[in-house]
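Every read-out reported here was derived from the displayed coordinates using simple, explicitly stated rules and does not represent laboratory data. Fair warning: this is a prediction, and the values are worked out from it, not measured in the lab. Reconstructed Cβ throughout: ideal geometry from the backbone, glycine too, with neighbour counts over all protein chains shown.
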Amino acid sequence: MTTATVLPSIGAEIPCSCYAANVPLKIRTALVNVEFKGGIKVRVETHPDEPPHKAVVLKVIGHKVEADHPELGRITIEQENMEATPDSLLKIVQHFPPKLSATMFLSFKLTIERPPGAGGNEGARPEPLVLRTKEPAKLLSPELSKFPPDGDFYRLENPIKLVHPDTDQVIASIDKFPVRVGG
């Protein structure tokens with residue numbers, strides 16, 4: 001007898017749109033609010049400790065969102081290394097009506113086209129600022145009715161610290177990232 005499940009099939013690759021408005025991005029002492037748009041793609045894999053009708057692993061295999069800012073130009077969040085991103089989890093917490101819980105982990109680089117306070121010669125274009133997550137971001141959506149989501153919100157569990165890749169010094173942070181996924 002097979003067990004029906006609302007979880008996606010093992011091996012499925014699922015793209016989802018992402019939209020996050022009013023994201024507070026602090027860069028050194030500057031604070032700006034930006035609106036990110038883009039997407040994420042996950043591959044469904046078996047969970048090492050749970051049967052596939054109870055929980056699955058979501059492997060992030062692509063993630064890119066962008067925002068345009070009048071002074072900073074294009075701000076891009078993009079997955080840089082698939083292997084550096086911890087596996088995410090999707091599990092059933094209630095069978096009827098269906099309720100799923102998703103925990104997404106994201107390691108990424110953030111690129112700011114025209115960083116604030118970037119010096120340079122008059123008329124010279126400053127170099128883009130490229131930062132990386134100090135620790136993976138953890139986004140939660142504890143009450144999904146299905147996956148892929150249909151415009152459901154994920155919330156950031158802890159602030160994201162962004163560091164310079166050479167010094168590991170925190171240069172920027174994101175305290176909130178209310179992202180709507182799918183829909």
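Which ordering of Leu31, Leu25 is given by a fewest-first count of other beta-carbon atoms within 10 Å? Walk me through the numbers before you get to the answer.
On the way: Leu31 12, Leu25 25.
The fewest-first ordering by Cβ neighbours comes to Leu31, Leu25.
About the Cα centre, and with charges only on the beta carbon of Lys, Arg (+1) and Asp, Glu (-1), how big is the dipole of the chain? Nearest 20 debye, please. Working shown, then result.
Working: 22 positive and 23 negative charges, 61 e Å.
That gives a dipole near 300 debye.
Which whole-number percent is the relative contact order of the chain (Cα, under 8 Å, 6+ apart)?
Numbers: 475 pairs, mean separation 38.0, N = 183.
Result for the chain is 21 percent.
Under a Cβ-only charge scheme (Lys and Arg +1, Asp and Glu -1), can you give me the dipole magnitude of region 1-95 about the Cα centre, in debye to the nearest 20?
On the way: 10 positive and 12 negative charges, 33 e Å.
Dipole magnitude for region 1-95 comes out near 160 debye.
Lysine pairs in region 88-176 with alpha-carbon atoms under 29 Å apart, 8 or more places apart or on different chains: how many are there?
21
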